[in-house]
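A quick write-up on the structure given underneath.
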Amino acid sequence: PTIPLFEGVSQLLADLEVGGFLLGVATGKTRAGLDRAIAKNGLAGRFHATRCADEGFPKPNPDMLLAVMDRLGADPRDTLMIGDTTHDLELARNAGVDAVAVAAGAHDREGLARLSPRALVHSVAELRDWLQRNG
């Protein structure tokens with residue numbers, strides 16, 4: 001089954017890349033699952049580095065995010081994790097990276113807020129606005 005992107009994600013990714021941002025993925029999906037999702041959503045070539053659950057330690061261990069940052073030459077102070085689960089926010093904290101929570105996914109707003117992300121947004125449109133103000 002295809003997992004559809006949230007409305008506006010494809011354009012946001014394109015805009016971030018045009019803006020010079022390096023884009024990475026740290027996911028609990030397997031490599032086969034991520035590759036399939038990228039292909040089915042027309043995102044081939046969009047990400048500069050990816051790391052999957054079957055390639056290292058699972059979230060919230062910082063391994064996968066640290067591996068993506070290492071591949072990109074990214075400093076934790078210049079990295080932002082955007083996630084929709086508490087696992088994503090714990091991963092960011094364990095890697096020494098700021099995070100923005102998107103309360104439109106698997107975990108509820110209250111659980112996300114307890115982990116003190118830099119921001120908590122409720123949609124891709126709100127995320128876009130936050131990134132434009134703080135990027």
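Taking 0.36 nm per residue of separation and subtracting the Cα-Cα distance, full extension of the segment from ALA32 to ALA106 would add 24.5 nm.
Using the 1.4 Å probe convention, the accessible area of the chain works out to 57 Å² per residue with neighbouring protein chains retained. A quarter of the convex hull surface defined by the alpha-carbon atoms of region 52-129 gives 5.1 nm² as the mean projection.
Of the residues LEU5, LEU34, GLY83, the one whose Cα sits farthest toward the positive end of the charge dipole of the chain, with +1 on the Cβ of Lys and Arg and -1 on the Cβ of Asp and Glu, is LEU34.
Our helix-only sum for the chain, with -39,500 (n - 2.57) per DSSP H run of n ≥ 4 divided by its residues, gives a mean residue ellipticity at 222 nm of -12000 deg cm²/dmol. Modelled label positions at ARG71 and ASP15, each set 7 Å beyond Cα in the direction of Cβ, lie 2.6 nm from each other.
For the chain, the relative contact order comes to 18 percent (Cα pairs under 8 Å, sequence separation of at least 6). Apolar share of the accessible surface for region 1-106: 54 percent from carbon plus sulfur atoms, 1.4 Å probe. Specify whether the C-alpha gyration tensor of region 1-86 places it in the rounded, prolate or oblate class, a ≥ b ≥ c being the square roots of the eigenvalues: rounded for a/c under 1.5, otherwise prolate if a/b is larger than b/c and oblate if not. Because a/c hits 1.5 or more and a/b fails to exceed b/c, region 1-86 counts as oblate. Taking Cα centre as origin and charging only the Cβ of basic (Lys, Arg, +1) and acidic (Asp, Glu, -1) residues, the dipole magnitude of the chain rounds to 120 debye.
The values are calculated or read from the model by the stated rules, or taken from the named source; none is laboratory data. Predicted model only: the values in this text are computed from it and were never measured. With ideal geometry, Cβ positions are generated from the backbone for all residues, glycine too; neighbour counts draw on all protein chains shown. All accessible areas refer to the heavy atoms of the entire protein, side chains included, with ligands and DNA or RNA removed. Shrake-Rupley method; radii C 1.70, N 1.55, O 1.52, S 1.80 Å.
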